[in-house]
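Enquirer: This is the structure, below, for whatever I ask next.
The values are calculated or read from the model by the stated rules, or taken from the named source; none is laboratory data. All values reported here derive from a predicted model rather than from experimental measurement. Glycine also receives a Cβ, built like all others from the backbone with ideal geometry; neighbour counts cover every protein chain displayed. Remember, those area values only see protein heavy atoms, side chains included, never the ligands or the DNA or RNA. Shrake-Rupley method; radii C 1.70, N 1.55, O 1.52, S 1.80 Å.
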Amino acid sequence: FARRIGWDVVPTGPGGAIAVHLATALADAVAQLEARGVTRALVAQALSLAGIAGEGRAGVARQAEAAIARRCLGALANAGARLIEAGTARDALQVDAIAIAAGITARWTGGPMHQADQRGLMVLRRDLRIWAVEAPAIYAPAPLFDRLIGQGARLTD
């Protein structure tokens, strides 16, 4: 029925809504940063400048803000890769579309999977491995990254 009336149907599969998993990954990353002593104000500033958790605002991120944004985008991309592997999300484009529609990332960012491709999957995987020492539940790299890197593919191909 939904397709007949022109709606775009987004199946979520087992494990719940994709947006909930992404929002949880973001919340966990923020909590981990705050547990490391990063102030909530600095986290909020970094997220705003990066277009995470809203449309964001124009401005140039300082080094600390850029590092915070990279960790949060890394957590989102990792969660998205896990959702794809589990069959909860169809592909990276669906993850990005839902992240944008749910207000987790701003439209102008292209979504967390697009951002991961822009950064480079090898760089992201290296960063995730480093961050996983502190918080493996958030940052242990999804095996999808290894497969894509081995194939010379991208998330959004």
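Enquirer: Which whole-Hz ³J(HN,Hα) couplings does the range 102-109 yield from phi under the Karplus relation 6.51 cos²θ - 1.76 cosθ + 1.60, θ = phi - 60°, glycine and proline marked x?
Expert: For the range 102-109, the Karplus-derived couplings read 7, x, 6, 10, 6, 4, 5, 7 Hz, x marking Gly and Pro.
Enquirer: Once fully extended, how much extra length lies between Ala137 and Ala17, figured as 0.36 nm per residue of separation less the alpha-carbon to alpha-carbon distance?
Expert: 41.3 nm
Enquirer: Ok, one more. Quick one: longest stretch of the chain between exposed loop chymotrypsin sites (Phe, Trp or Tyr not before Pro), exposed meaning at most 12 other C-beta atoms within 10 Å and loop per DSSP?
Expert: Maximal segment without exposed cleavage sites: 8-157.
Enquirer: Let me ask another. If r is the Cβ-Cβ distance from Asp91 to Thr39 and R0 is 41 Å, what FRET efficiency results, to the nearest 0.05?
Expert: The value I calculate is 0.65.
Enquirer: How high is the relative contact order of the range 60-157, in percent, with contacts defined as C-alpha pairs under 8 Å that are six or more residues apart?
Expert: Reported relative contact order: 29 percent.
Enquirer: I've got another one for you. Mind ordering 60-71, 20-31 by average Cβ neighbours within 10 Å, highest first?
Expert: 20-31, 60-71
Enquirer: With the full set of protein chains in place, find how many percent of the accessible area of the chain is carbon and sulfur; take the probe as 1.4 Å.
Expert: Here carbon and sulfur together make up 58 percent of the probe-accessible area.
Enquirer: Okay, moving on. Under 5 Å between amide H atoms, partner at least 5 residues away or on a different chain: which partners does Thr105 have, H built in plane at 1.01 Å?
Expert: Close amide H contacts, sequence-distant or interchain: Ala53, Gly54, Ile100.
Enquirer: Residue-wise, which Karplus ³J(HN,Hα) couplings in Hz belong to the range 138-148, taking 6.51 cos²θ - 1.76 cosθ + 1.60, θ = phi - 60°, and x for glycine or proline?
Expert: 8, 10, 4, x, 5, x, 4, 4, 4, 5, 5
Enquirer: Is it possible to state the helix-based mean residue ellipticity at 222 nm for the chain, with each DSSP H run of 4+ residues giving -39500 (n - 2.57), the sum divided by total residues, to the nearest 500 deg cm²/dmol? What is it?
Expert: One gets -19000 deg cm²/dmol as the mean residue ellipticity at 222 nm.
Enquirer: Taking R0 as 22 Å, what FRET efficiency do you get between Arg107 and Arg57 from their Cβ-Cβ distance, rounded to the nearest 0.05?
Expert: After rounding, the FRET efficiency stands at 0.95.
Enquirer: Related question: Please work out the Cα convex hull volume for the chain and give it in Å³ per residue.
Expert: 115
Enquirer: I've got another one for you. FRET efficiency for Ala153 and Thr24, Cβ-Cβ distance as r, R0 = 35 Å, nearest 0.05?
Expert: 0.85
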